[in-house]
1. Can you pull out the residues in segment 507-524 that are without any contact (Cβ under 8 Å) to a residue 40 or more places away in the chain and either of a type in the set (A, V, I, L, M) or assigned by TED's automatic domain parsing to the domain that holds Phe595 (or both)?
2. Considering only segment 532-541, state which residues are in a helix (DSSP H, G or I) and surrounded by 22 or more Cβ atoms within 10 Å (Cβ to Cβ).
3. Could you list, in sequence order, all residues of segment 261-300 that are over 26 Å from Ile391 (Cα atoms), modelled with pLDDT under 75 and not charged (D, E, K, R)?
4. How many of the residues making up segment 633-684 are within 30 Å of Ala586 (Cα to Cα) and not in a helix (DSSP H, G or I)?
5. Return only the number of the condition from (1) assigned by TED's automatic domain parsing to the domain that holds Ile131; (2) touching a residue at least 24 places away in the same chain (Cβ under 8 Å) that Gly251 does not satisfy.
6. Name every residue in segment 211-254 that is under 11 Å from Ala404 (Cα atoms), in contact with a Pro (Cβ under 8 Å, 6 or more places away or on another chain) and of a type in the set (S, T, N, Q), in order of residue number.
7. Considering segment 241-262 alone, what residues qualify as being part of a helix (DSSP H, G or I) and of a type outside the set (Lys, Arg)?
8. Return the residues of segment 236-290 that are touching a strand residue (DSSP E or B) at 6+ places or on another chain (Cβ under 7 Å), surrounded by 15 or more Cβ atoms within 10 Å (Cβ to Cβ) and not hydrophobic (A, V, I, L, M, F, W, C); say none if nothing qualifies.
Amino acid sequence: MISSIISDTIQGSLKISDDDDPHDFRKPSAMVVTTQTAIATILGLFALLSFSMLLKKLPRLYASRKYKDDGSLNLPSWDETKLFGWLINLFQITDKHVLEYAGLDAFVFLCFFKMCIKLLATYCVFAILIISPIRYHFTGQYDDGSDNNNSYLGMTNSFVKRHLTISQDIPIEAPERANLYLWMYVIFTYLFTFLAIYMLISQTKLIVNTRQIYLGRQNTLTDRTIRLSGIPIELRDKQALKNRIEQLKIGTVSSITICREWGPLNRLFHYRKNVLKELELKYAECPSSLRNRNYESNVEYYPLGRNTTDPSNMAPDSGTTNTNTAVTDRVIANVPQGGRERPEEDNVLYSEVRLGERPTIRTGLFGLFGEKIDAIDHLEKQLKFIDEEIIEARKKHFSATPTAFVTMDSVANAQMAAQAVLDPRVHYFITRLAPAPHDIKWDNVCLSRKERLTKIYSVTVFIGISSIFLIIPVSYLATLLNLRSISKFWPSLGKILKEHRWAENIVTGLLPTYLFTLMNVGIPYFYEYLTSRQGLVSYSEEEISLVSKNFFYIFVNLFLVFTLAGTASNYWGYLSDTTKIAYQLATSVKEMSLFYVDLIILQGIGMFPFKLLLAGSLIGFPLVKIQAKTPRQRNELYNPPIFNFGLQLPQPILILIITLLYSVMSTKLLVSSLVYFIIGFYVYKYQLIYATDHLPHSTGKVWPLIFRRVIVGILLFQLTMTGTLAGFDGGWILSSWLFPLPFITLSYLYDFEKNYLPLSQYIALSSIREHERDNSMVCSSVETESYEYPYLIDGLEGPILS
């Protein structure tokens, strides 16, 4: 079914029978590009002006990191009296400032945009000064696949004549003189390939060197800790595991935390968090005149359990687990452990107050039935009860999992241990560098190996099935790309469009790009939700996984289905004659050139500036502000949104791949892509420095994903050019000259995987020793506290009531 839909919708634009009106073969004119540019420019300028005005009106919302800066970052300011003062200040921020203010991950992300700007600017120079003038001299067109229909049909080659049935009413003249310029395609395919590889390798060296210098200076607890999985049952004890590691002579172990199946305890803490939030809301509803005088003046907070920063308070590795947070746990209850007890009369927080004037709650089903009681007293008793349950639960025994966090005595020893093979058995003693404490998803650490694997594989299978079914709406969207497909599925609309050229241009030229954009908004968030349920141990692993999932979706569904649907719909036929794949790719790419030009113009000029507005935060801000009743909620109101590379990175990578495919054939697309990456660079630069936070541990591990996908784009570019050349009479001789290029490209990929990938994952020992010798080791600007790795359950702090 899916195959037939794709075949009908896409191949319909490639075949013209004798009964078809030649008008069906018309392509959107250049007027569509002009109209799209005008619309996108108006949208972009509106968004830019709106943001500049809102930044003056709501600076704490749109520059939240600047106002939450505790002095450690020293973010640069601008003249707030000037409407566009922020823009001038943004131009002055260098890579060094990006590293200091936003971290290594942001530096790597922006480096990708800078590489694209340099590469496409170079391509544009060659395209404008050499390629387009030569093509215009021989063919009368500036771009291949332009809107000039007669010229396009005049360029019809032997491949098109063999595979397409053309109406006799359409004049076809063999463009033999046009073949004279095909040598230019060979030369610039080589030139553009080597330029792309050169830029890619140069950027890789810059990122690797920066990463080694940046991370080599750090000496935090995170940098000295490894995550050990696959621990045998007999070694799931602190002392036994420590002896085993030290016997391997890879360094001295400072501390070990064996993760246990803390699921029941974790559920208690989640329940406590909900009760605490409800108590704060009810307290906020209570008039200040009815609040207990003694409570507001004399209330003392007592820590729940022990302070993890004191080694003497660490529980033994028995059933009692070290379930403390890095911050001091505070509760309003009278806890019999840690701190002095309060007098009995102080336990009643709100005595001698009339019930009718305070918040009440019903104890029945869903809070709709039952007797009305004092809500604050009821919730306070619940909080006391759950605190006692947690204290008792901490004394119970929890089975050890095969995962542990091992802190070594030095960063160098941790790096050696993370890279070493510690056990000859498969799946035993697997070492990895540990995530930062705030990066760990402790709910998933508590899972058993069986539960984690079940989550991972079930979600993966579901995502695969969802991706297949998403082909259906994408293929229906493809029917709008040409008039013939519209006439087949909706004859009355097709007749109207034939009679009104302006309507045809809107429906086939503009409308698909807007629907494409809307379709690309919701699905990434759907994949984000599924990835969060996959059982991965850290947020950074989720982010990397999300980059792969979203890129796979937009590359397959929103690129291949549009561009290569003809090939995919006749899969077995092309397996029998694989030479057709390059032909089909070249033909489909040429047909889709104006669609991608319009899409990139809309995404770059029109949509990118809207990202500055943080639409989700802006729309929800009035609602959240009204609902923010407690001091905690008001404090969190201006928290910076979280910047997720899994949502932001896949689309720019796809745009670069599309641009590589058209780099020799379409100057318009090159210029529009260059504008796209320039605008995107400054939009993301502002967001990463002033408006958003990126919480996972800053290690810059996203670059290998970018490198591999750009290499795929280069290979597709070479395949496209091979098909383009082979389609002309005698072009197989020229296309054979491109045969070495894929092997050269793959050799650079092999070199990256072998030599650069380890430096993108680990810190070189020489980088660490150099700073040890110079006594210049400093802590990361992102992590300045001495975190402990025992089970860090969130939600332990007490109510914020003032």
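The values are calculated or read from the model by the stated rules, or taken from the named source; none is laboratory data. This one's a predicted model, so the numbers in the text were calculated from it and none came from an experiment. Positions of Cβ are backbone-derived with ideal geometry, glycine not excepted, and every protein chain shown enters the neighbour counts.
1. Val507, Leu511, Leu515, Leu518, Val521
2. Initially, segment 532-541 is screened for residues in a helix (DSSP H, G or I), giving 532, 539-541.
Within segment 532-541, just Ser540 meets the criteria.
3. Cys286, Pro287, Ser288, Ser289, Leu290, Asn292, Asn294, Ser297
4. So the count comes out to 5.
5. (1)
6. Answer for segment 211-254, where residues must be under 11 Å from Ala404 (Cα atoms), in contact with a Pro (Cβ under 8 Å, 6 or more places away or on another chain) and of a type in the set (S, T, N, Q): just Ser229.
7. Leu241, Asn243, Ile245, Glu246, Gln247
8. Arg236, Lys238, Lys242, Gly251, Ser254, Ser255, Thr257, Arg260, Glu261
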